[in-house]
Amino acid sequence: MRKFLLIMLFLIGSVNALEYTTIHITRSLNYDAQKARISQKTVNNILRIFSWRIDFNKDLRKGDKFIIVGKKGAAPSAIIYVGAKKRIAVFSYVDKRGRLNYYDSRGKTLYPSFARSPVKYSRISSKFTRKRFHPILKIYLPHRAVDYVASKGTPVYAVADGIIKHNKYMGALGNVVYIKHGSNYTTVYAHLSKFAHRLKPSSKVKKGQVIGYVGSTGRSTGPHLHYELRYKGIRKNPLTYSLPKQKKVVNSDLRRFQSRANSILRNL
């Protein structure tokens, strides 16, 4: 009995020691975070981390909440989103190089690894360059994309999890799909012959999911995929840019990390 009482006192003390602040969504994350006196740095971190799983323009509802675990002014120990249909929790972890990041209860970041190529191709007809002689316009123009040659109808895949921003006909690009990945990355897939079935704006896609098929729509000389990678709106070279890779808690720390994560969840 004495041992049981000591355990109960320890657990009660742990709950009382856990500091947290809750953002109750009534209008928007920024508005309600300001009301809760949450720093802009923490708000930016919430947007950066959770935008891989939440469309902040579509998914947030009145009554949802974000729980920020830890002392104000310090990096949160955990950030937990509680919505009507889902709960997402991430926990801080500092790796051996001193870099702080946030991981789910399995010890993985919410952002995935990106595939290098979105299509099985036979060759690259045009690389990323600031000056290319356009085969149709007959003038030199920048080509901030990669053109992958493939047979008409070859499936085109999303390179990472994301949300469809556009899928429509857009002039020179022909049938094109824009996918938003988190808050910073966008990929563009153009000249498609057709879109995948049931694809529409705001729908979520998974890495490796078919989004369309190679074609030659728009300003094109033959079947190929025009592919762009954008970071914060700036086009990057898909062949050389350092793509995001999912990070994991190292195996030697994983059990301790998960024990801490489970303790935080129990105490809340």
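Nothing in this text is a laboratory measurement; each read-out follows from the coordinates by a stated rule. All values reported here derive from a predicted model rather than from experimental measurement. Methodologically, a virtual Cβ is constructed for each residue, glycine included, from the backbone with ideal geometry; neighbour enumeration extends over all protein chains shown.
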| Which aspartates and glutamates does Lys127 reach when only Cα atoms under 16 Å apart count, and residues fewer than 8 places away in its own chain are ignored? | Asp147, Glu228
| query | Between the range 65-103 and the range 245-266, how many Å separate their Cα centres? | reply | 12 Å
| request: Based on a Kirkwood Rh over C-alpha pairs, give the Stokes-Einstein translational diffusion coefficient of the range 123-236 at 20 °C and viscosity 1.002 mPa s in µm²/s. | output: 152 µm²/s
| Tell me, Kirkwood radius of the chain from alpha-carbon pair distances, in Å? | 21.1 Å
| message | Please state the shape class of the range 148-191: rounded when a/c is under 1.5, otherwise prolate if a/b exceeds b/c and oblate if not, all from the C-alpha gyration tensor. | response | oblate
| task | Taking the Cα centre of the range 123-236 as origin, work out the dipole magnitude from +1 charges on Lys and Arg Cβ and -1 charges on Asp and Glu Cβ, in debye rounded to 20. | result | 260 debye
| field | 29 Å Cα-Cα threshold exceeded, pairs from Lys71/Lys204; Lys165/Lys245; Lys41/Lys120; Lys108/Lys168 | value | Lys71/Lys204; Lys41/Lys120; Lys108/Lys168
| message | Compute the angle between helix 251-267 and the longest alpha-carbon principal axis of the chain, please, reported from 0 to 90 degrees and rounded to the nearest 10. | response | 60 degrees
| field | Furthest towards positive pole of dipole, Ala190, Pro142, Ser203, structure part the range 123-236, Cβ charges | value | Pro142
| said: If neighbour count is taken as other Cβ atoms inside 10 Å, put Glu228, Glu19 in order from fewest to most. | reply: Glu19, Glu228
| the range 67-195: equivalent-ellipsoid semi-axes (sqrt of 5 x gyration tensor eigenvalues, Cα, Å) | 40, 18, 14
| In the range 226-268, what trypsin sites (Lys or Arg not before Pro) fall in a loop by DSSP, with at most 14 other Cβ atoms inside 10 Å? | Lys232, Lys245
| field | FRET efficiency for Tyr169 and Ser28, using Cβ-Cβ distance with R0 set to 30 Å, rounded to 0.05 | value | 0.35
| task | Kindly identify the range 178-249 as rounded, prolate or oblate by the Cα gyration tensor criterion: order the square roots of the eigenvalues as a ≥ b ≥ c, call it rounded if a/c is under 1.5, otherwise compare a/b with b/c, prolate if a/b is larger, else oblate. | result | oblate
| Sparse-neighbourhood loop sites, trypsin sites (Lys or Arg not before Pro) in the range 122-220 - DSSP loop, at most 10 other Cβ within 10 angstrom | Lys138, Arg198
